[in-house]
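The values are calculated or read from the model by the stated rules, or taken from the named source; none is laboratory data. The structure presented is a predicted model; accordingly, all values stated were derived computationally and were not measured. As a convention, Cβ positions derive from the backbone with ideal geometry for all residues, glycine included, and neighbour counts pool all protein chains shown.
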Amino acid sequence: MTDSASDPHEYELVVRGHLDQRWADSLPGLQFTRGLDPDGEPVTVLRGPVVDESELHGLMARIRDRGVTLISMRQMPEGADQATRPASQTPEEQR
């Protein structure tokens, strides 16, 4: 995943439903974007740096342990910025 602890990679996780502010407060460093998937279902996109595989597994375990459905997870391409469109963005949000 990463070569060193000082070189985090950007990840994007998409979960079912709109997560509330308590989630954002409990996962510092991740950007939360609420939206709709292509079928019009509510989703939350969590995006931010993940230092290593252990941190990634811990993040996914927290999601699982709270009963939230993880729809997708991907490592963002090197050099991807905040302007990169989330995988779950609807056609209306792309405009």
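Quick rundown of the values:
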| item | result |
| --- | --- |
| Filter result (in contact with a Phe, Trp or Tyr (Cβ under 9 Å, 6 or more places away or on another chain), closer than 21 Å to ASP25 by Cα and surrounded by 14 or more Cβ atoms within 10 Å (Cβ to Cβ)) within region 64-83 | VAL68, MET73 |
| Index of the failed condition, GLY40 passing every other in (1) small (Gly, Ala, Ser); (2) over 10 Å from the mean Cα position of the chain (by Cα); (3) under 25 Å from GLU78 (Cβ atoms) | (3) |
| Restricting region 15-26 to residues that are touching a residue at least 40 places away in the same chain (Cβ under 8 Å) and of a type in the set (A, V, I, L, M, F, W, C), the residue that is farthest from GLY58 (Cα to Cα) | LEU19 |
| Number of positions in region 36-60 that are buried (at least 17 other Cβ atoms within 10 Å of the Cβ) and touching a helix residue (DSSP H, G or I) at 6+ places or on another chain (Cβ under 9 Å) | 3 |
| Residue under evaluation THR69, criteria (1) modelled with pLDDT of 95 or more; (2) within 16 Å of TYR11 (Cα to Cα); (3) out of contact with any helix residue (DSSP H, G or I) (no Cβ under 8 Å at 6 or more places or on another chain), criterion not met | (2) |
| Sole exception among (1) at pLDDT 95 or above; (2) of a type outside the set (Lys, Arg); (3) over 12 Å from the mean Cα position of the chain (by Cα); (4) at negative phi for THR2, by number | (1) |
| Residue selected from region 27-77 under the condition touching a residue at least 40 places away in the same chain (Cβ under 8 Å) and part of a helix (DSSP H, G or I), by the criterion farthest from GLY17 (Cα to Cα) | GLU53 |
| Residue that is modelled with the lowest pLDDT, among those in region 5-37 that are among the acidic types (Asp, Glu) and farther than 18 Å from GLN75 by Cα | ASP25 |
| Top-ranked residue of region 27-37 - restricted to ones that are among the hydrophobic types (A, V, I, L, M, F, W, C) and more than 18 Å from ALA61 (Cβ to Cβ), ranked as farthest from the chain's Cα centre (by Cα) | LEU36 |
| Subset of region 13-26 (residues that are buried (at least 17 other Cβ atoms within 10 Å of the Cβ) and either among the β-branched types (Val, Ile, Thr) or in a helix (DSSP H, G or I) (or both)) | VAL14, VAL15, TRP23 |
